[in-house]
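The values are calculated or read from the model by the stated rules, or taken from the named source; none is laboratory data. Predicted model only: the values in this text are computed from it and were never measured. We place every Cβ from the backbone using ideal geometry, glycine too, and count neighbours over all the protein chains shown. Quick note on the areas: whole protein, heavy atoms, side chains included, nothing else; ligands and nucleic acids left out. Shrake-Rupley method; radii C 1.70, N 1.55, O 1.52, S 1.80 Å.
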Amino acid sequence: MLNITYFGHAAFLLETGGVKILVDPFLKGNPLSPVTPDDVEGDYILVTHGHGDHLGDTVEIALRTGALAISNAEICGWLREKGVRTHALHIGGGHSFPFGYVKMTQALHGSSLPDGSYGGNPGGFLLNLSDGSNYYFAGDTGLFGDMRLIGEEGLDAAVLPIGDNYTMGPKDALKAVQFLHPKIVIPIHYDTFDVIQQDVEAWKTLVESETDANVLAMQPGENADI
Ligand code: NI
Ligand code: MN
């Protein structure tokens, strides 16, 4: 089981067994975030890719809290130059941390860092927690057929972008749910900016009529056990 708090866009705080894991902590520039970088604590920070709306305030938070950043090798190298502790993964590879196994998955997207540095390939994360529960954070991605393979893990929840324009839109995200067949799906990466405005209630109705998944459309600041 995972206790999850949403900060809007793609940013989360996950808590499991007393461990705090931030995901894509874009807080300061995030118009939906109810918290600032100073408000959050983290033992780990998962960074899916280098874009500013995902890397976010990783450096500031990691330097204050001592959190270990987990990302691809290129982003980890860039973070280490700024004094951040890191653990580098790459696509298809995973590592056992005290809270569970984290595997980096592919994503169809870009990954340049805010200063224009090369950020390697973008990714997502598959978390296999010590209690046997499985969670998939897709990151920014278009739809890809190998989501079917990720679905074979037996997902308790999948966190998927639905905003369109930069990532999957509502139609492809429905197909992603059909490939992944998670128990719960949490839509992200919508309504932050005008170009990714979506009717999330309509998408929830559609997905729940076409699949067995329950859609948990979290409000920024909302907390849930999944
Ligand atoms: Ni991006
Ligand atoms: Mn993004």
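Annotations
- Across region 85-98, coupling constants 3J(HN,Hα) worked out from phi with the 6.51/-1.76/1.60 Karplus curve, θ = phi - 60°, read 6, 9, 10, 8, 10, 9, 3, x, x, x, 8, 8, 9, x Hz, and Gly and Pro carry x.
- Apportionment of accessible area to carbon and sulfur, the chain, percent (1.4 Å): 48 percent
- Listed peptides 16-28, 145-157 appear in the order 16-28, 145-157 once ranked by packing, highest mean of other Cβ atoms within 10 Å at the front.
- The overall shape of the chain, judged from the alpha-carbon gyration tensor, is rounded, with an a/c ratio under 1.5.
- Where the chain is the region considered: accessible area per residue in Å², 1.4 Å probe: 40 Å²
- Taking 26 Å as the straight-line reach from the Cα of LYS183, the lysines in range (excluding those fewer than 8 positions away in the same chain) are LYS20, LYS103, LYS171, LYS175, LYS204.
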